[in-house]
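Q: To start, I am sharing the structure in question, which I have written as structure tokens.
The values are calculated or read from the model by the stated rules, or taken from the named source; none is laboratory data. Predicted model only: the values in this text are computed from it and were never measured. Glycine gets a Cβ as well: all are built from the backbone with ideal geometry, and neighbour counts include every protein chain shown. For accessibility, only protein heavy atoms count, side chains too; no ligands or nucleic acids. Shrake-Rupley method; radii C 1.70, N 1.55, O 1.52, S 1.80 Å.
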Amino acid sequence: MKKIIAILATLVIFLTACAGGGAASSYAIAVGSKDFTEQLILGQITLQVLAAHGIEVIDRTNITGTENVRAALDNGDIDIYWEYTGTAWMMLMGQELIHGETPEELFERVRANDAENGIIWLDFAPFNNTYALAVTQETSQAFNMRTLSDLAAIPGLTLATEHEFMPRPDGFIGMVEAYEGMEFGEIMTMFMGIVYDTLMDGQADVGVVHGTDGRILYHNLVVLEDDLNFFPIYTPAPNIRADSLERFPEIADILRPISAALNMDVMQGLNLLVDSGQMEPDEAAAQWLRENDFI
């Protein structure tokens with residue numbers, strides 16, 4: 001009897017370990033996200049609305065780095081997460097930016113490209129979370145700076161930026177090539193949330209921000225115009241494995257109205273609720289879903 005109990009205990013431990021990691025369950029959807037505010041909110045929206053429709057979900061949000069979350073999707077550790085068209089086209093697919101195209105045109109090219117990889121892009125949300133450079137009102141007035149070309153004509157300023165921006169072709173590398181003469185006296189890399197504090201404390205002159213970040217409005221920052229249209233379009237859409245969508249085809253219909261409702265004002269407001277400390281990502285997601293009768 002003791003031998004049988006030991007065997008059963010070992011089996012339970014093995015099954016528990018298998019359930020905690022590796023490929024997502026065949027009867028559940030594992031939802032992932034990157035590790036910044038907007039992604040955490042989008043991940044929580046997805047988790048909660050799918051659960052409300054009776055789909056068992058696994059929370060695997062808060063993965064650090066674009067390449068890591070995409071790898072998790074590719075290898076089946078997660079079934080779905082929200083990705084941005086510009087990030088996918090340039091960073092994940094290694095393609096050249098095409099200036100002047102519409103969000104719809106970029107989305108169709110990205111969707112067609114990823115279909116060959118077994119990844120389906122569901123309907124995209126109508127907001128553009130592009131990279132941007134921002135300064136305080138005082139800095140803008142002191143240097144008469146309103147555009148990135150203005151910034152390029154003022155060498156020696158201090159830049160605060162998140163880590164991922166620096167090596168990206170759609171980030172720092174491409175930006176300084178597009179804006180000839182742009183150079184900084186010092187570049188400080190940090191987590192995105194600290195960029196705003198660094199700007200407001202006067203430790204940096206210029207900060208890299210995300211276009212939908214509510215802290216831009218909260219701090220009354222001036223977003224410098226990308227007058228050469230360097231930065232690509234970053235419209236987000238749920239990315240789901242084709243085999244996962246085959247198991248749960250209703251997910252496309254569930255998320256379609258969610259995507260349509262997530263416009264620029266909505267996303268900035270949700271981001272501000274979290275970044276200001278008023279709510280956690282799951283609380284902000286739940287409130288918005290309830291207010292719009294999605295759950």
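Q: Considering segment 248-272 alone, what residues qualify as being within 17 Å of ASP293 (Cβ to Cβ), open to solvent by less than 30 Å² (accessible area, probe 1.4 Å) and among the β-branched types (Val, Ile, Thr)?
A: Those that are within 17 Å of ASP293 (Cβ to Cβ), open to solvent by less than 30 Å² (accessible area, probe 1.4 Å) and among the β-branched types (Val, Ile, Thr): ILE254, ILE258.
Q: Follow-up question, since we're still on this one. If a residue has to be touching a residue at least 60 places away in the same chain (Cβ under 8 Å) and in contact with a Ser or Thr (Cβ under 8 Å, 6 or more places away or on another chain) to count, how many in segment 84-121 make the cut?
A: Within segment 84-121, residues that are touching a residue at least 60 places away in the same chain (Cβ under 8 Å) and in contact with a Ser or Thr (Cβ under 8 Å, 6 or more places away or on another chain) number 8.
Q: Go through (1) surrounded by fewer than 15 Cβ atoms within 10 Å (Cβ to Cβ); (2) without any contact (Cβ under 8 Å) to a residue 60 or more places away in the chain; (3) over 17 Å from the mean Cα position of the chain (by Cα) and name the single condition GLU280 misses.
A: If we test GLU280 against (1) surrounded by fewer than 15 Cβ atoms within 10 Å (Cβ to Cβ); (2) without any contact (Cβ under 8 Å) to a residue 60 or more places away in the chain; (3) over 17 Å from the mean Cα position of the chain (by Cα), just (3) comes out false.
Q: What are the residues in segment 152-171 that are closer than 30 Å to GLU105 by Cβ, under 26 Å from the mean Cα position of the chain (by Cα) and at pLDDT 95 or above, if any?
A: Residue satisfying the conditions is THR161 alone.
Q: Any chance you could count how many residues in segment 246-291 are of a type in the set (Lys, Arg) and either touching a strand residue (DSSP E or B) at 6+ places or on another chain (Cβ under 6 Å) or under 17 Å from ILE55 (Cα atoms) (or both)?
A: So the count comes out to 2.
Q: Quick one: what pairs do we get from segment 139-166, first residue free of Cβ contacts under 8 Å to residues at least 24 places away in the same chain, second assigned to a helix (DSSP H, G or I) and open to solvent by 20 Å² or more (accessible area, probe 1.4 Å), C-beta under 8 Å, 6+ apart or different chains?
A: PHE143/ASP150; ASN144/ASP150; MET166/PHE172; MET166/ILE173
Q: In addition: Residues LEU50, LEU42: which one is part of a helix (DSSP H, G or I), touching a residue at least 12 places away in the same chain (Cβ under 8 Å), more than 17 Å from the chain's Cα centre (by Cα) and buried (at least 21 other Cβ atoms within 10 Å of the Cβ)?
A: LEU50 is the lone residue from the list that is part of a helix (DSSP H, G or I), touching a residue at least 12 places away in the same chain (Cβ under 8 Å), more than 17 Å from the chain's Cα centre (by Cα) and buried (at least 21 other Cβ atoms within 10 Å of the Cβ).
Q: So which residues in segment 212-222 are buried (at least 17 other Cβ atoms within 10 Å of the Cβ) and more than 22 Å from PHE143 (Cβ to Cβ)?
A: THR212, ASP213, GLY214 - these are the residues of segment 212-222 that are buried (at least 17 other Cβ atoms within 10 Å of the Cβ) and more than 22 Å from PHE143 (Cβ to Cβ).
Q: State which residue is farthest from the chain's Cα centre (by Cα) when the search covers only segment 197-253 and only residues that are closer than 21 Å to GLN39 by Cα and of a type in the set (Phe, Trp, Tyr).
A: So the residue we want is TYR218.
Q: Which residue out of ILE55, ILE78, ILE119 is farther than 30 Å from TYR196 by Cα and in contact with a Gly (Cβ under 6 Å, 6 or more places away or on another chain)?
A: Criteria check complete, one pass: ILE78.
Q: I'd like the residue in segment 26-39 that is open to solvent by less than 40 Å² (accessible area, probe 1.4 Å) and in a loop (DSSP other than H, G, I, E, B) and, out of all such residues, is farthest from LEU255 (Cα to Cα).
A: Ranking the qualifying residues of segment 26-39, first place goes to LYS34.
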